[in-house]
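Notes for the one structure printed next.
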Amino acid sequence: MRLVLLGPPGAGKGTQAKELSKRHGLVHVATGDIFRWNVKHETELGKIAQSYMEKGDLVPDDVVVRMVVERLERIEGGFILDGFPRTVPQAVALEENLEKLERPLTAAVYFHIEEEIAVKRISGRRSCSNCGTPYNVEFDPPRVEGVCDVCGGELVQRADDREETVRRRFEVYEQSTTPLRHFYAERDLLREIDADGEGEEVARRLEDSLDLPARSAAPGE
Ligand code: AMP
């Protein structure tokens, strides 16, 4: 299964992609995470990306496309693209490259979320500085404040999750990424889900939209 997840910042794509990739053995490719890693390690790519990310702007298409294509060429099985494509030129480049590799997309899933709910989610968002596990101080807090349940690492807030930058990211999203719904609808690849609600509930909707087998009920469910 080769998937693209679409939706505004705060729609929960990253959380769902992590879960879905674990459950179905897919490789999770999150362009934002790759850029953050490169910024943290001060690589050449990180130096290019940082100035755009700080403002909430998009990194230029050619830089992102090159980075993603290099990754995809190394992936053998299925994958989930999270945060890519974000513009029509990126989607066209992806389509051309996957055609060359004879591995076309299975679906593009659009996550619907109201802006106020997304902003609330983003402002509570934290992640482990060590292993990257995501949390939300309001909706999904760690057992001990500021400490990762998985590895004990320190929880941090993303620099671009500040309110001003979030607003800019929404604006950029509206202009650049919204047209992708039309792009994938035309190719009959678009699925749409309601991304509001508990993580488990959204995960179920996501799997239903992809005709994946129903999740087995957890004890007590
Ligand atoms: P994200 O974690 O997906 O919200 O991405 C964080 C930031 O990384 C974005 O605000 C952009 O600056 C940059 N970025 C991530 N993916 C892309 C992309 N596909 N195209 C351009 N910039 C991107």
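This table checks each residue for (1) among the β-branched types (Val, Ile, Thr); (2) more than 16 Å from Gly14 (Cα to Cα); (3) away from the ligand (no atom under 14 Å from the Cβ).
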residue: Phe111; (1), (2), (3): no, no, no
residue: Glu115; (1), (2), (3): no, yes, yes
residue: Gly146; (1), (2), (3): no, yes, yes
residue: Gln157; (1), (2), (3): no, no, no
residue: Arg168; (1), (2), (3): no, yes, no
Pick from region 22-44, criterion farther than 25 Å from Leu3 by Cα and not in a loop (DSSP other than H, G, I, E, B), ranking: farthest from the ligand (Cβ to nearest atom): Glu44
Cross-chain or 6+ apart pairs with Cβ under 7 Å, region 134-162 first and closer than 23 Å to Glu54 by Cβ, then surrounded by fewer than 14 Cβ atoms within 10 Å (Cβ to Cβ) and among the hydroxyl-bearing types (Ser, Thr, Tyr): Glu154/Ser129; Val156/Ser129
Test for Lys22: is it more than 20 Å from Tyr184 (Cβ to Cβ), surrounded by fewer than 17 Cβ atoms within 10 Å (Cβ to Cβ) and in contact with a helix residue (DSSP H, G or I) (Cβ under 8 Å, 6 or more places away or on another chain): no
Members of region 102-133 that are small (Gly, Ala, Ser), touching a residue at least 40 places away in the same chain (Cβ under 8 Å) and over 21 Å from Ala185 (Cβ atoms): Ala118, Ser123, Gly132
Within region 159-204, considering residues that are under 13 Å from Val88 (Cα atoms) and touching a Lys or Arg at 6+ places or on another chain (Cβ under 7 Å), the one surrounded by the most Cβ atoms within 10 Å (Cβ to Cβ): Thr177
Pro60 being near the ligand (Cβ under 9 Å from one of its atoms) and under 16 Å from the mean Cα position of the chain (by Cα): no
Filtered residue count, region 75-92, keeping only those that are among the charged types (D, E, K, R) and either in contact with a helix residue (DSSP H, G or I) (Cβ under 8 Å, 6 or more places away or on another chain) or at pLDDT 95 or above (or both): 2
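The values are calculated or read from the model by the stated rules, or taken from the named source; none is laboratory data. The shown structure was predicted, so the numbers you read here are calculated from the model rather than taken from an experiment. Every residue, glycine as well, gets a Cβ built from its backbone with ideal geometry; the counts of neighbours run over all protein chains shown.
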